[in-house]
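Data first, discussion second: the structure below is written as structure tokens.
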Amino acid sequence: MALPPPDPQFVLRGTSAAVHTLHFSCAGQEPDIPVLFSGSENGFIHVWNLKTHRADTALDGHGQKSVYCVKTMGGKDKLLSQGRDQRICLWDLAEGRTSVTDSVFTEHVGFCRCSLLKVAQGGWLMATAAKGLEEVQVLELPSKTSVCTLKPEVGAKLGMPMCLKLWQLSCGSQPLLLAGYEDGSVVLWNVTMGKVLSQLVCHQEPVMSLDFDSEKAKGISGSSEKVLRIWSLNEQQNLQVYKTHQLVNAGISDITIRPDKKILATAGWDHRIRIFGWKKVKPLAVLDYHTATVHCVSFSDHRNPRERLLAAGSKDHRISVWSIYTET
Amino acid sequence: LSLFPGGLDCSISFVSHVLGKVCILGRQKEILGVLVPQLTELTKSDCIWQRICWRLVECVPDRWMEAVVLGFVQRAAGADVLSRLLGNLVVKNKKAQFVVTQKVLLLQYGHTTAVLQNLLGYLSLDSLRRALLLTVLQELLETWGSSSAVKHSPPEQQLYISKAILICLSHLKEPEIESCRQELLTSMMEGVKCHLDSSLPQLRRLGMVVAESISSKINTEGPVLKFEYEEDDETRELKSLLVPTQPPCVGPCLPDDDRSEKADAAQPLVPESNKKSHTAASVTPDEESDAELDSDDDLIPYDMSEDKELKIKAPVYIRDCIEVLTGSEDVDKWEATVKALESLIRRNPAATREVSVELAKVLLHLEEKTCIEGFVELRQRAQVAVLTTDPIPVSKYLTSQFYSLNYSLRQRMDILDVLVLAAQELSCPRFRGKTKDSGAQKPRIQLLPESDSPKDWRRIVDERIKSKTRRFVTGQCHVELASGPNEFNSVAGHFFFPLIQHFDRPLTTFDLLGEDHLVLGRLVHTLGVLMYLAVNTVAVTAMGKALLEFVWTLRFHMDSYVRQGLLSCISSLLLSVPAQLLLTDMTEELLETQSWLGDVVEKDPDGDCRRLALQNLLLLENLKKKLEAVPS
């Protein structure tokens, strides 16, 4: 007899706007407080204290325009946020400061979240959609120099890039980029050379979100359809469809694989969060708490496996935080 | 010709006279059947024979020239053969020129496509004659573009002219197109306007195909005019004419009657589409042979039985539905309501009757908010459901709105469609409530937007005629069909008379007798259907009289679609009103109608109208015979 799904451990309220993005920063040692960053539709970034369950700070850096991506760059003092004001802001939050130290004007008018990859001590690569319709720009941070611009060939008709993931096989190897496009294809780019390595048509509708496991060379993507596609990367760097999973309701906004690669979570348009085992994409749980579309899901980076959390942000202004499958 | 050995010295003009006389007496086929192939062979390489041939035709007296030239044009195997046989006859001889450029193209229209190709190809093959080609094209375009020609000439003639235009276009070379580009453009614009104005779909399609072809010729680079229409054999044939035909093969040219083969040779090869969509083959995961210890096994799934498809619930009460449709911002709910509305209405007739007119109003103005599949059909079915649940007030509302200001033509035609569908449902007791497939498969009356073809009527009329013949019962019991009172009886008048009342009163935005003759045509067809469905109702005689008067005032309408509708009204009248009443109450009108029908059969340019009129005359005859047969 299967147990009923668990309730959220706690719920964070107070954003007063739809929550579009979440990012945990809990890897610090004591007495560092574990925090959760959230970006909302009203342009605010809330810094939630996970011990008190209250928002310690609210950052306003995008001029009331929706913030759809937040990431930390090594610790919770350096924050990167991307908003619909076409800017990416870099924040310095150490010692209670709340200032924007730098910003990048991407001129991107879509919703494509940028992707960060640490390539060296203090050196990052950031991939973001650029001004041109089908282009992806890769910048080096913090210098903001352009590494390359990835333009699909003329006539490829990929449409806008929808989601990005920068990764490298191991530290020091070539950075690669997986990009999901409006026409439903996922493309693997070689960033250094700026060339396409492989392209795979995964969906008939735009790819809403994707995530990739570099160890197993397997990735997963979701769109507005009723399927999840799992694809793999073979030795020749070619993408192939590995498996398809049918969903009960159509529409996926976000997918994320837990850092230990055991489970993955999807955020659905049907208000539900689904948990799957990563190995065989076996459905494990359906978390039904929210009353509107779930926009984002994120796993925490706690060092202690038992403390690991899953957070989901929804259009109903609430962030639900769950503790699930923490024993493994 | 076997009379002409080597050195000939006989007078060719004598032969020409003989030829001409024979042709004019109607024996073209026989003599030219022998003459033309032999001449073709002889003139192929021999210049002297060519000149003899030219002399032959040039010497034919003018009064017989037409027959001879026509015969040659019809028998020649191809444009170049014609060129060899006739030479520059058209330039030298006025009569021949008239025949070729005017008579065959503009005054007659019975010739085959191959003849057209021969003729126009012949004109294009010599520089002296090409000037004629251009004048011909201009005249053809003038005719094609004249609105009176589009309205009054038979569709067959219009098809003929369109084919001629396309063939001319295929022969034109770049510099020539350059020189007359402006004129081509102006005539195309005028012509396309007249054609699109027409109520007959065939003519509209003709206009579209020709306009597209002209546009593609004059705008070789840059955007080209493109219409959306359904391809059928006719349009494909027309388009194939745009490509110039290959000259026929050099070989024994038989007096071929299958010149259509040449037209096929000209069809452009379908370009092979090498585009394969870039879907990689999927690698089937062999899960069974995966013997690895699955660490996922440690993870026990939770209970997921509650995980079902998310269904937005539609409101359960009709009044709630009205609220959602008129005000709600919730798009999902709106969609669900639209989908569920028809069944809700049918299940709650009492509740519907309370708000029927309001619901009808909401539905009439309902516009597509989101992209639902089959929105138009869903709305129509809901409207029909409301109308059948509460016929009298809703029909009053709808018929009054038909003649009100500020509705689009589409909305007015929707009203007509809804009235007909509801009338059909009401008059057939079996269909009450079972509207599963009624959207797509109407048993007798199809209401597709383009189905203004009177073919359905013929079928119905035929069925009815068959049903009046005596049958010998073989002794088996008939299955009792479901029967119920004819619900259309009490409301037929409410559907019919308001529609017929105001047709001659123009409003600022709606003038049935003027520009909006398409709606008039639909109105006439609708009245015919309502008349037909009113069989066995009490009001049928009054309806019949009113309809007859209506038809009488409109009988000379210009639009052939309207005339077809009027004739089908007469058919339904004759079938629905009981024969006795027809012949006693409406004798004079019927006599007048009969003479009008006779006129239509002889003089109407539209083939369908003539056929319908003939059918009506037959029905009248049957009626009379039947009454005479019954001992009074």
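Quick one: putting +1 on the C-beta of Lys and Arg, -1 on the C-beta of Asp and Glu, what dipole do you get for chain A around its Cα centre, in Debye to the nearest 20?
Numbers: 36 positive and 32 negative charges, 116 e Å.
Charge dipole of chain A: 560 debye, to the nearest 20.
Over chain A, calculate the relative contact order: mean separation of alpha carbon pairs under 8 Å at least 6 apart, over the residue count, as a percent. Spell out each step's value before the answer.
Details: 923 pairs, mean separation 45.6, N = 328.
Relative contact order for chain A comes out at 14 percent.
In the assembled protein chains, B:W144 presents an accessible area of approximately 10 Å² (probe radius 1.4 Å). The mean number of partner chain beta-carbon atoms within 10 angstrom of a residue's beta-carbon across peptide B:118-131 is 0. The phi torsions of segment A:231-236, fed into the Karplus equation with coefficients 6.51, -1.76 and 1.60 and a -60° offset, translate into couplings of 10, 10, 10, 8, 5, 8 Hz, rounded to whole numbers, with Gly and Pro shown as x.
Per-residue SASA remark: B:K333, around 80 Å² accessible (1.4 Å probe; ligands, DNA and RNA not included).
Contact order for segment A:113-246, expressed relative to its length and based on alpha carbon pairs under 8 Å spaced 6+ residues apart, stands at 15 percent. Distance between the C-alpha centres of segment B:319-375 and segment A:281-303: 36 Å, rounded to the whole angstrom. Sequence-ordered 3J(HN,Hα) estimates for segment B:391-400 from the Karplus curve with 6.51, -1.76 and 1.60 and θ = phi - 60° stand at x, 5, x, 5, 5, 4, 4, 5, 5, 5 Hz, glycine and proline given as x.
Compared with the rule-of-thumb size 2.2 N^0.38 Å for a compact globular protein, segment A:97-241 has a Cα radius of gyration ratio of 1.02. Dividing the mean sequence gap of close Cα pairs (under 8 Å, 6+ apart) by how many residues segment B:317-389 holds gives a relative contact order of 40 percent.
Just to confirm a number: summing +1 for Lys and Arg and -1 for Asp and Glu over residues other than A:D270 whose beta-carbon lies under 15 angstrom from that of A:D270, what do you get?
Here the count lands on -1.
For the full complex of protein chains and a 1.4 angstrom probe, list B:M65, B:M558, B:M304 by accessible area with the highest value first.
Values: B:M65 0, B:M558 95, B:M304 60 Å².
Order by accessible area, largest first: B:M558, B:M304, B:M65.
Three principal axis extents describe the C-alpha atoms of chain A; from largest down they are 53, 52, 34 Å.
Considering only DSSP states other than H, G, I, E and B, which GluC sites (Glu not before Pro) in segment B:310-377 qualify as loop sites with at most 11 other Cβ atoms within 10 Å? Working shown, then result.
Working: sites: B:E323, B:E329, B:E335, B:E342, B:E354, B:E358, B:E367, B:E368, B:E373, B:E377; in loops: B:E329, B:E367, B:E368, B:E373.
Here the GluC sites (Glu not before Pro) that fit, given the DSSP loop and packing criteria, are B:E329, B:E367, B:E368, B:E373.
Rounded to the nearest Hz, the phi-derived 3J(HN,Hα) couplings of segment B:179-190 under the Karplus curve 6.51 cos²θ - 1.76 cosθ + 1.60 (θ = phi - 60°) are 5, 10, 4, 4, 5, 4, 5, 5, 5, 4, 4, 5, where x marks glycine and proline. Between B:Q580 and B:W552, take the C-beta separation as r, use R0 = 22 Å, and let me know the FRET efficiency to the nearest 0.05. That gives a FRET efficiency of 0.50. When B:M208, A:M193 are compared by accessible surface with a 1.4 Å probe, the order from highest to lowest is A:M193, B:M208. For peptide A:276-285, the mean count of partner chain Cβ atoms within 10 Å of a residue's Cβ comes to 5. Taking amide H positions as modeled 1.01 Å from N, with prolines and chain starts lacking one, the residues under 5 Å from A:F10 and 5 or more places away or on another chain are A:V321.
Rounded if a/c is under 1.5, else prolate if a/b is larger than b/c, else oblate: which is segment B:490-632, with a ≥ b ≥ c the root eigenvalues of its Cα gyration tensor? Walk me through the numbers on the way to the answer.
Details: a/c = 2.30, a/b = 1.30, b/c = 1.77.
It comes out oblate by the Cα gyration axes.
Using the Kirkwood formula over every pair of different C-alpha atoms, what hydrodynamic radius in Å results for the protein assembly as shown? Can you show the working numbers first?
Numbers: mean 1/r = 0.0280 Å⁻¹.
This gives a value of 35.7 Å.
On the protein heavy atoms, probe 1.4 angstrom, tell me the percent of accessible surface of the protein assembly as shown carried by carbon and sulfur.
54
Here's how it looks for A:W124: its modeled amide H is under 5 Å from those of A:V119, A:L141, which are all 5 or more places away or on a different chain. The heavy atoms of A:F111 offer some 140 square angstrom of accessible surface to a 1.4 angstrom probe. Figure note: B:K21, B:K308 ranked by solvent-accessible area, largest first, 1.4 Å probe, ligands and nucleic acids not counted: B:K308, B:K21. Charged side chains reduced to their Cβ positions (Lys and Arg at +1, Asp and Glu at -1) give segment A:113-246 a dipole of some 160 debye around its Cα centre. Amide hydrogen proximity for A:K282: with H placed 1.01 Å from N in the peptide plane, the residues at 5 or more positions away or on another chain lying under 5 Å are A:G277.
Apply the a/c threshold of 1.5 to the C-alpha gyration tensor of segment B:336-400 and tell me whether it is rounded, prolate or oblate. Provide the component values of the computation, followed by the final result.
Working: a/c = 2.23, a/b = 1.44, b/c = 1.55.
The shape class here is oblate.
The values are calculated or read from the model by the stated rules, or taken from the named source; none is laboratory data. Remember, it's a predicted structure, so these values are computed and weren't measured experimentally. Here Cβ is always computed from backbone atoms with ideal geometry, including for glycine, and neighbour counts include all displayed protein chains. Surface areas here come from the heavy atoms of the whole protein model, side chains and all, with no ligands, DNA or RNA. Shrake-Rupley method; radii C 1.70, N 1.55, O 1.52, S 1.80 Å.
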